[in-house]
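First the structure, in the form of structure tokens, and then the observations on it.
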Amino acid sequence: MILDALLAFLHFTAILILASALRAQIGAATLRALARADLLYGISSGVVIATGLARLFYGAKGYVFYTGSPVFWLKLALFLALGLLSIPPTLRFIRWRRALTSDPAFAPAETELAATRRLVFIELHLLTLIPLAAVFMARGL
């Protein structure tokens, strides 16, 4: 059972690492794409919350199964941490997009890029822990 859970976790982690390996040079098109991607991230986070609540109250396992599991609370804490960590990058993406509208030659400072990249990578690493918690919780561990 633990082996199966770890294999599922490694599979999800590999997919996330693959996605995070995509990098681009920061230019006008990339800044616009970052703003769109961040909007999609926000919308999908809302969908994750809505579907999670639906599973909590209407799913087959029921409210008691989830709320009685410490791993469930760990998943919620990780998701909350992701949300909080995503605020500074979102604010920067909005500011950068506005600056780009005013000045087509705008480019963010390298220190801001590095700080934003660091936060996004922390988010990606925390995100990999949520499927691990999910597979353990699903198997009653």
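Below is a table of values for the structure above.
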{"read-out": "Which listed residue is modelled with pLDDT under 90, under 30 Å from G27 (Cα atoms) and either in contact with a helix residue (DSSP H, G or I) (Cβ under 8 Å, 6 or more places away or on another chain) or open to solvent by 50 Å² or more (accessible area, probe 1.4 Å) (or both), from A114, A138, A107", "value": "A107"}
{"read-out": "Candidates T51, T90 - the one that is touching a Phe, Trp or Tyr at 6+ places or on another chain (Cβ under 9 Å) and either without any contact (Cβ under 8 Å) to a residue 40 or more places away in the chain or of a type outside the set (D, E, K, R) (or both)", "value": "T90"}
{"read-out": "Odd one out for L124 among (1) outside any helix (DSSP H, G or I); (2) in contact with a Ser or Thr (Cβ under 8 Å, 6 or more places away or on another chain)", "value": "(1)"}
{"read-out": "Flag for V47 being open to solvent by 60 Å² or more (accessible area, probe 1.4 Å), more than 28 Å from F121 (Cα to Cα) and either out of contact with any Pro (no Cβ under 6 Å at 6 or more places or on another chain) or assigned to a helix (DSSP H, G or I) (or both)", "value": "no"}
{"read-out": "Some residue of the range 58-77 being assigned to a helix (DSSP H, G or I) and either more than 17 Å from M137 (Cβ to Cβ) or of a type in the set (D, E) (or both)", "value": "yes"}
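One line per residue, one yes/no per condition, for (1) surrounded by 15 or more Cβ atoms within 10 Å (Cβ to Cβ); (2) within 17 Å of R117 (Cα to Cα); (3) at pLDDT 75 or above; (4) aromatic (F, W, Y):
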residue	(1), (2), (3), (4)
A8	yes, no, no, no
H11	no, no, no, no
I26	yes, yes, no, no
Y41	yes, yes, yes, yes
T51	no, no, yes, no
Y63	no, no, yes, yes
Y66	yes, no, yes, yes
W73	no, no, yes, yes
L78	yes, no, yes, no
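The values are calculated or read from the model by the stated rules, or taken from the named source; none is laboratory data. In this text the structure is predicted, and so the values were computed from the model without any measurement. Note: ideal-geometry Cβ built from the backbone for every residue, glycine included; neighbour counts use all protein chains shown. Ligands, DNA and RNA are stripped out before the accessible areas are found, and what is left, the full protein with its side chains, is counted by its heavy atoms. Shrake-Rupley method; radii C 1.70, N 1.55, O 1.52, S 1.80 Å.
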